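The values are calculated or read from the model by the stated rules, or taken from the named source; none is laboratory data. Being a predicted model, the structure only gives us computed values, none of them experimental. Ideal geometry is used to build each Cβ from the backbone, glycine not excepted, and the neighbour counts take in all protein chains shown.
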Protein chains: 2
Amino acid sequence: MSSHVPINQHSDITAPTPQNTPLTHAPITAGLPRPTVPDISEDAEPAEDSTAVHEAMLGLVQGRLAGLLGKSSGYIESLSDGTKTSIVALIGVQVKQNELQNQYKRECLELEKKYLELTKPLYERRRALIYTAAVPTPEELDAGAAQAAKDNPEENPFLVPPSTAPAAVPDFWLTVLRNHVGLSELITDRDAGALKYLNDLRIEYLPSSEPKPGFKLIFEFASNEFFENEKLEKTYVYREEVGYSGDFVYDRAIGTEIKWKDEKDLTKEFEIKKQRNKNTNRTRLVRKAHPTESFFNFFSPPVAPSEEAIEEGDIGEEELDELEEKLEIDYQIGEDIKEKIIPRAVDYFTGKALEYDMLSDDEDDYEDEDEDDGDGFEDDVDSDEDDPPAPRRSAGGGRGGRGGLPANVNPEECKQQ
Amino acid sequence: MSSHVPINQHSDITAPTPQNTPLTHAPITAGLPRPTVPDISEDAEPAEDSTAVHEAMLGLVQGRLAGLLGKSSGYIESLSDGTKTSIVALIGVQVKQNELQNQYKRECLELEKKYLELTKPLYERRRALIYTAAVPTPEELDAGAAQAAKDNPEENPFLVPPSTAPAAVPDFWLTVLRNHVGLSELITDRDAGALKYLNDLRIEYLPSSEPKPGFKLIFEFASNEFFENEKLEKTYVYREEVGYSGDFVYDRAIGTEIKWKDEKDLTKEFEIKKQRNKNTNRTRLVRKAHPTESFFNFFSPPVAPSEEAIEEGDIGEEELDELEEKLEIDYQIGEDIKEKIIPRAVDYFTGKALEYDMLSDDEDDYEDEDEDDGDGFEDDVDSDEDDPPAPRRSAGGGRGGRGGLPANVNPEECKQQ
């Protein structure tokens, strides 16, 4: 493969001064309803921003700019005071543009809400077809048959004798979730036992009256032997202001506390240990709980550290990286459920959606999901787990998941091949 | 660094049959106004789709699914006819959802247009401040000064004596374009001579009355010694239907034909050769033109091959890959101009925007832009060029450029490290 991007030698380029404190404001018409995952070190109040991590990152960036443009400063300084005055006014105009961008994103969100309302009758219908074996209309059957024939030109598994009576679809949502690349990795076999009771998965937006926008994923369960809750919810809250890229930025995620029934907590593994009393020499059995991998950890999302904690250096850089990665995975999964799984559940059930996810992955990342296991990236935390080491994987990602998770191989490491 | 994504062993997973003909329909509420770059092999009429390339890609995907889920078929087939009937109806409901998604995207585009109109007075004001040294209002100066102080807490280069008379900003758009990572690579020093005359860069949407939506980038030039045109335009047309991911998909791009003045064509290099007449033995000088790297090639975008040409095998797979890559770069640059450069021109001028682009790049790709030159990826086409080989680079990309260009190192190649 070859590239056609020409490159020039930047011999006498005019290089401006990169400024060095990011803002959360954003440009006009960026047109991106998808929220970005915030850097933990991103600061909502840029004027006060002077964390060490942040400075280090910016230093790195400026170093790169220096490499790219030949010099990293001096251009702005070289301009006349008159021109600088005009630039200050231009920056003032940009502030107004950013305000419009914020308004625009709010309107985008309202439009999303409007279409969710328009779609709800179809979601209700979906639910009825799945659970109560509602009788399909001739239009539904015709449209579905035509689509299935298009999707399966060679061998169509959906050819059924006409006027077959409908039947409920067993394990619909479990199958859907297990057919999403990222989620399938989170769902253990033990989890599957509980997810069989998942009756519906839907989304609500936070009311516009709330200061911060966001959405809520609602998992509705039939009564089951695992937990008392009828609904488990995961709420994602955006920041009030869009980020610099013009997207909403995640503020935090909140999950329902699961009321596990006795000894049914899927997020724990229990170990029975014998203990001997040194005095009496009698033994007793003690049950010890370890946290373990489970899809249901999704409802105990990681908490971003406060700006203060970062500034005061309470959190090490490595710890910060890990936390940031956990947060990204959590946000990415929430986004995939919102943007892909709920809207196209039946395509995940039949496997059609998976093709696209895999294709996109391939195109964007050149990453081969099913060869990851041997790549040597081992999970060096949670070492109290008995499970095999977890390789670095991308949950979702691909074209549909902009700003997805980090690829599992760092290209920089390969530069010298 | 470590990952916290648990992985399970997929021991008795329920694996559905992946279907095998993609559609251009899309889900509800995917909410992505950003268009995706189509695969060249993507088919607008899926029912007729059976190209060899396409089949090969899908074969690959299905192979992966088999690896991921343990089996690639049999699940749908194993369901009862009654359940299959319900699924056919569910597919029919999904078709309706896709129709709503198409409507939604059209409304998103209308919202984008509305905000462009709201922003136009600010763009006009920007133009006046840049070129005619319009007198800034006190509000503009106050807002700009406050923002500049926030952006530059350490050393603020925008501090000017109060009531300094404004002056025009020289080379504004040239500096802006040269401060965009992707574009700076396309702009040769010769191009810079012509881009000094770039007076305005703006966007218009194609009228809603046109069957296909899209937008037009308008480059307005002062009269210059290079070409006759006062405006150069690049038009991007989307397909009527959104793609499977729920985004618009690019259909094609069209550029203005540049009317170069004599010997001023920046997209060509001229070579003077001596030729000797075998009969008369007299020599003469012959001017030979070679195509060369130039930003102005942006106005002669690559043309996607027709479905027929691909199906009939007129185009080799490698050629197809190259063309697809060229198209992706072209679309990505158009998108970056639309989404980033026009909305935040002043931030590119001051260098502020660059930081974010670099930060995003870093986070998403783990890619070090300024170390690319030695990576050995040489341009194996355009070998008639005298310029040094062009490394594979990402134009734009990063968080702001979802579905950006391929990273310059294919991680798959590094798997065995």
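So if I check each of A:LEU159, A:LEU201, A:LEU232, which one is within 28 Å of A:VAL135 (Cα to Cα) and in contact (Cβ under 8 Å) with a residue 60 or more places away in the chain? Before the answer, list the steps.
Numbers: A:LEU159 fails: in contact (Cβ under 8 Å) with a residue 60 or more places away in the chain; A:LEU232 fails: within 28 Å of A:VAL135 (Cα to Cα).
Being within 28 Å of A:VAL135 (Cα to Cα) and in contact (Cβ under 8 Å) with a residue 60 or more places away in the chain holds for just one of A:LEU159, A:LEU201, A:LEU232, which is A:LEU201.
B:LYS113 fulfils the conditions (1) facing chain A (nearest Cβ under 7 Å); (2) touching a residue at least 40 places away in the same chain (Cβ under 8 Å); (3) of a type outside the set (Ser, Thr, Tyr) except for a single criterion, (1).
Across region B:205-229, what is the total count of residues that are closer than 30 Å to B:ASN98 by Cα, in contact (Cβ under 8 Å) with a residue 24 or more places away in the chain and not small (Gly, Ala, Ser)?
Step one: filter region B:205-229 for residues closer than 30 Å to B:ASN98 by Cα, giving B:205-217.
Pick out the ones that are also in contact (Cβ under 8 Å) with a residue 24 or more places away in the chain and you get B:205-206, B:208, B:211-215, B:217.
Add one more test, that the residue is not small (Gly, Ala, Ser), and what stays is B:205-206, B:211-213, B:215, B:217.
Looking only at that region, the number is 7.
Taking region B:267-362 and the helices (runs of 4 or more DSSP H) fully enclosed by it, the elements with 2 or more residues that are at pLDDT below 95 and over 30 Å from A:LEU90 (Cβ atoms) are at B:307-311, B:317-336.
Residues of region B:284-321 being charged (D, E, K, R) and over 21 Å from B:LEU183 (Cβ atoms), which ones? The answer is B:ARG284, B:ARG287, B:LYS288, B:GLU307, B:GLU308, B:GLU311, B:GLU312, B:ASP314, B:GLU317, B:GLU318, B:GLU319, B:ASP321. Given the condition closer than 28 Å to A:THR188 by Cα and acidic (Asp, Glu), answer yes or no: does some residue in region A:298-307 qualify? Scanning region A:298-307 turns up no residue that is closer than 28 Å to A:THR188 by Cα and acidic (Asp, Glu).
Listed here are the residues, each with its yes/no results for (1) more than 7 Å from chain B (Cβ to nearest Cβ); (2) outside any loop (DSSP other than H, G, I, E, B); (3) within 22 Å of A:GLU124 (Cα to Cα); (4) over 34 Å from the mean Cα position of the chain (by Cα).
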| residue | (1), (2), (3), (4) |
| --- | --- |
| A:VAL135 | yes, no, yes, yes |
| A:GLU140 | no, yes, yes, no |
| A:ALA145 | no, yes, yes, no |
| A:LYS150 | no, yes, no, no |
| A:PRO157 | no, no, no, no |
| A:PRO161 | no, no, no, yes |
| A:PRO166 | no, no, yes, yes |
| A:VAL169 | no, no, yes, no |
| A:LEU174 | yes, yes, yes, no |
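The residues in region B:95-110 that are at the interface with chain A (Cβ under 7 Å from one of its Cβ atoms) and either without any contact (Cβ under 8 Å) to a residue 60 or more places away in the chain or more than 16 Å from A:LYS352 (Cα to Cα) (or both) can be counted, and the count is 5.
Just to be sure before I move on: is A:LEU116 in a helix (DSSP H, G or I), modelled with pLDDT under 95 and either within 27 Å of B:THR132 (Cβ to Cβ) or touching a Ser or Thr at 6+ places or on another chain (Cβ under 8 Å) (or both) in the structure I sent? No; evaluated as a whole, the condition is false for this residue. Assessment of region B:260-273 against the conditions (touching a Lys or Arg at 6+ places or on another chain (Cβ under 6 Å) and of a type in the set (S, T, N, Q)) yields no matching residue. Per the listing B:SER184, B:SER208, the residue uniquely surrounded by fewer than 21 Cβ atoms within 10 Å (Cβ to Cβ) and touching a helix residue (DSSP H, G or I) at 6+ places or on another chain (Cβ under 6 Å) is B:SER184.
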